[in-house]
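Student: This structure is in structure tokens; I'll ask about it shortly.
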Amino acid sequence: MTTVLDEGVIVPVLETEMIRKAFTFAYRLHQGQFRTTGEPFINHPIRVANYVCEFKLNSKNLEVLKAAALLHDTVENTALNYYDLVEFFGPTIAALVMELTTDEDMKREIGKTKYLEIRLKNMTSWALTIKLCDRLDNCSDLHLCDEAFRIKYRNETIDILEYLLNNRELTGTQKKIVLAILRKLEDYIEPAEALLAARVAELKARVSMQKDKTFDFGRVVNRNWMMIERM
């Protein structure tokens, strides 16, 4: 069945039946939701999925990654839950979406920046790749946000990426996404903020010098979530 898109919604590229189903679910669940910029919320997961395709174009697992990217905010922002995801998309995609879903209680307890630092450090490889694409998209339209939010989000992102580089080895793909984020952030640094500019430049140099992490399938999917489905 063809889905008629609301005005202002990006037309997605839907290569497979799984991706078409993921988009249809996300589109219908996010209908009536809007970004702070005023655009339909669904445009965000579409762009995140597009970034995943851009950075993981030759991946044999692109279908799973793109479907999870399209669905990554559904549990957090709609009535969908883990068991729904398992039923319709299987345990792997469900596990990825749950990794990308904010634990609001923990975030309140330790603060958003510290929470994200810990989450990104411990995420599986696939989830981290999607999460970095999510952050890249959020940094891409900061110019449309008010100054206070733009500065806060910029500084938070720099702190998170610095912590990530200090505490985790990244794959070649993840390094490329981090560099793309840092380049975006440079657009929001004023000439008078020389120390901040130097800090970002140092992070870019560190990313470039860091050795690519060896692929580890055991760090691809969070099996703790997948085990719930078997219980």
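Student: Using the eigenvalues of the Cα gyration tensor, what equivalent ellipsoid semi-axes result for the stretch 1-63 when each is taken as the square root of five times the eigenvalue, whole Å, largest first?
Tutor: Values: eigenvalues 91, 42, 15 Å².
In descending order, the three semi-axes are 21, 15, 9 Å.
Student: Could you please put Lys112, Lys66 in sequence from largest to smallest accessible area, using a 1.4 Å probe?
Tutor: Lys112, Lys66
Student: Heavy atoms only, probe 1.4 Å: what % of the accessible area of the chain goes to carbon and sulfur, would you let me know?
Tutor: 53
Student: Which of rounded, prolate, oblate describes the stretch 43-98, given a ≥ b ≥ c as roots of the alpha-carbon gyration tensor eigenvalues and a/c under 1.5 marking rounded, otherwise prolate only if a/b is larger than b/c?
Tutor: It is oblate, given that a/c is not under 1.5 and a/b is not larger than b/c.
Student: Something else: Nearest 500 deg cm²/dmol is fine: what mean residue ellipticity at 222 nm does the chain get from its DSSP H runs of n ≥ 4 alone, each adding -39,500 (n - 2.57), divided by its residue count? Don't skip to the answer; put the middle values down first.
Tutor: Numbers: 13 runs with 150 residues, N = 231.
Per the formula, -20000 deg cm²/dmol.
Student: Using a 1.4 Å probe, how large is the accessible area of Ser208, given in Å² and rounded to the nearest 10?
Tutor: Result for Ser208: roughly 80 Å² accessible.
Student: Give, in whole angstrom and from largest to smallest, the semi-axes √(5λ) of the equivalent ellipsoid of the chain, with λ running over the eigenvalues of the Cα gyration tensor.
Tutor: Details: eigenvalues 157, 93, 57 Å².
For the chain, the semi-axes come out at 28, 22, 17 Å.
Student: Same structure, new question: Between Glu7 and Ile118, what is the spin-label point distance in nm, taking each point 7 Å from the Cα along the Cα→C-beta axis?
Tutor: Once both label points are built, they end up 4.6 nm from each other.
Student: Oh, and also: Evaluate the relative contact order of the chain (contact order divided by residue number), counting alpha-carbon pairs under 8 angstrom at least 6 apart; express in whole percent.
Tutor: Here the relative contact order equals 20 percent.
Student: Around Val13, with a cut-off of 15 angstrom between Cβ atoms, what is the net charge of the other residues, counting Lys and Arg +1 and Asp and Glu -1?
Tutor: With Lys, Arg at +1 and Asp, Glu at -1, the net is +1.
Student: For Lys66, list the lysines whose Cα falls under 18 Å from its own Cα; do not include residues on the same chain fewer than 8 positions away.
Tutor: Output for Lys66: Lys21, Lys56, Lys131, Lys176.
Student: Would you mind telling me which residue in Arg119, Arg135, Arg28 has the biggest mean-square fluctuation in a Gaussian network model of the chain, where springs connect alpha carbons within a distance under 10 angstrom?
Tutor: Arg28
Student: Going by the alpha-carbon gyration tensor, a ≥ b ≥ c the square roots of its eigenvalues, is the stretch 119-162 rounded (a/c under 1.5) or, if a/c is not under 1.5, prolate (a/b greater than b/c) versus oblate?
Tutor: Verdict is oblate for the stretch 119-162.
Student: At 1.4 Å probe size, what's the solvent-accessible area of Tyr83? Round to the nearest 10 Å².
Tutor: Accessible surface of Tyr83 is approximately 140 Å².
Student: Using only the Cα atoms of the stretch 34-139, build the gyration tensor, take square roots of its eigenvalues as a ≥ b ≥ c, and label the shape rounded, prolate or oblate: rounded if a/c is under 1.5, else prolate if a/b is larger than b/c, else oblate.
Tutor: It is rounded, given that a/c, with a ≥ b ≥ c, falls under 1.5.
Student: Next question. Name the residue, out of Gly172, Gly90, Gly38, whose mean-square fluctuation peaks in a Gaussian network model built on the chain with Cα pairs under 10 Å.
Tutor: Maximum fluctuation in the GNM of the chain, among the listed residues, is at Gly38.
Student: Give me the accessible area per residue for the chain, probe 1.4 Å, as a whole number in Å².
Tutor: Working: 11750 Å² over 231 residues.
Heavy-atom accessible area per residue stands at 51 Å².
The values are calculated or read from the model by the stated rules, or taken from the named source; none is laboratory data. Here the structure is a predicted model, which is why all the values come from computation and not from measurement. Positions of Cβ are backbone-derived with ideal geometry, glycine not excepted, and every protein chain shown enters the neighbour counts. Ligands, DNA and RNA are stripped out before the accessible areas are found, and what is left, the full protein with its side chains, is counted by its heavy atoms. Shrake-Rupley method; radii C 1.70, N 1.55, O 1.52, S 1.80 Å.
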